[in-house]
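Beneath this line is the structure, given in structure tokens, with notes to follow.
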Amino acid sequence: MKYRTLDKIGTRVSEIGFGLWTLTTGWWGKVTQEEAVSLLRKARDFGITFFDTADTYGNGYGETLLADAFQDEIGKIVVSTKVGYNFYDYGDKRTGQQEIPQDFSPAYIRRACEGSLQRLKREQIDLYQIHNPKMDAVLKDDLYAELEKLVKNGKIRTWGASMGPAIGWLEEGTKILRERKAPVIQMIYNLLEQDPGRDFFEVGREIGTKFLIRVPHSSGMLEGKYTKDTKFDATDHRSHRKKEWLVNGLKKLEKLEFLIDGKNRTIGQVALKYILAEPSVASIFPNIYNEAQLQEFAKTSEVDDLSAAEIDRVNDLYEHNFYIVEEKASVETL
């Protein structure tokens, strides 16, 4: 495992991190607490030191799970969590993947921070991210003043913003970068979905922002395990996607086979290596929900980097819309 710098304080994190949303939200299938704890501990054995959760994951479960998994070792890992969704008052009203009301008032931020510290059993949170802020939150001066106060008081080491929930948010992300000088930004970015990430990178390099990347395998498409006959369990969020998403994705993968042909690396590892070629990326959170994936992704540091020629070829394919397909698939869901 290789390590990178997360912030200007010098916090070191594993370049492959572990996002707990696959273990705590139920969107990727059900995982028992025993299975989740085992997977988290095995991740640490592989050299993963950076774990990302959110207070709203399982209404606090994502944070208590980390505390349960590492107990006395909690201070030896780097923890990031998120704030903004008021699950205290609306957690029981959550339906599927729909968002619940947000609250970015200073009073709520203080309340939520104390709650996270208690569940994590920590005196300080390494990275505290505002969770999927909309433009009204981006423009709230008192929000950022409160975050800086939490830093000053030692409650958090640094703050950041996790943009979403889906890919996009160009205007909000750019404003947080340029006007708020966000130290850390988390976003969706991968071989198949590079915008608006490329714009964020360009701005971030100017001000020294570090980036955390989630969904690096484009909802599993870049793991190389799907076929045209793949079916997802009804509890899996991918089951609601149109069949066209699967058919188009497989055609895109065909044009990326040059990255693995004759090389000792998987397309899943290549997807991570492509992202790690960007120096401002501090860590990546692949979707990990079984031990086989954990081993494959954790060993990414050991395989060869993509060459400059390979990266240039990928970029050229992306610029020329390599992912456009001629055949229109059925609109049936998976």
When you scan the range 230-328 for helices (runs of 4 or more DSSP H) that lie fully inside it, which ones turn up with 1 or more residues that are touching a Ser or Thr at 6+ places or on another chain (Cβ under 8 Å) and modelled with pLDDT under 90?
243-254
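The rows are residues; the columns are (1) within 20 Å of GLU193 (Cα to Cα); (2) surrounded by 15 or more Cβ atoms within 10 Å (Cβ to Cβ).
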position	(1), (2)
ASP261	no, no
GLN269	yes, yes
ASN290	no, no
LYS299	no, yes
ARG313	yes, yes
HIS320	yes, no
For the range 118-139, the count of residues that are farther than 14 Å from VAL79 by Cα and either surrounded by 16 or more Cβ atoms within 10 Å (Cβ to Cβ) or of a type in the set (Gly, Ala, Ser) (or both) equals 6
Can you tell me how many residues in the range 159-199 are touching a Pro at 6+ places or on another chain (Cβ under 6 Å) and more than 21 Å from GLU99 (Cβ to Cβ)?
1
Of all residues in the range 83-117 being of a type in the set (S, T, N, Q) and surrounded by fewer than 18 Cβ atoms within 10 Å (Cβ to Cβ), which is farthest from the chain's Cα centre (by Cα)?
SER105
Only one of GLY47, GLY29 is at pLDDT 95 or above, surrounded by fewer than 21 Cβ atoms within 10 Å (Cβ to Cβ) and not hydroxyl-bearing (Ser, Thr, Tyr). Can you tell me which?
GLY47
For the range 180-195, give me the residue count where each residue is modelled with pLDDT under 95 and farther than 16 Å from LEU276 by Cα.
1
Does the range 29-40 contain any residue that is polar (S, T, N, Q), in contact (Cβ under 8 Å) with a residue 24 or more places away in the chain and assigned to a helix (DSSP H, G or I)?
yes
Expected output for the range 185-212 (first residue farther than 19 Å from ARG12 by Cβ, partner of a type in the set (D, E, K, R) and assigned to a helix (DSSP H, G or I), Cβ below 6 Å, 6+ apart or cross-chain) is LEU192/LYS252
Given (1) closer than 19 Å to GLY268 by Cβ; (2) within 19 Å of the chain's Cα centre (by Cα), number of the condition LYS42 does not satisfy
(2)
I'd like to verify a number: residues in the range 66-100 that are modelled with pLDDT of 80 or more, in a loop (DSSP other than H, G, I, E, B) and farther than 19 Å from SER283 by Cβ, how many?
4
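The values are calculated or read from the model by the stated rules, or taken from the named source; none is laboratory data. Because the structure is predicted, anything quoted here is derived from the model rather than measured. Using ideal geometry, Cβ is built from the backbone for each residue, glycine included, and neighbour counts are taken over all protein chains shown.
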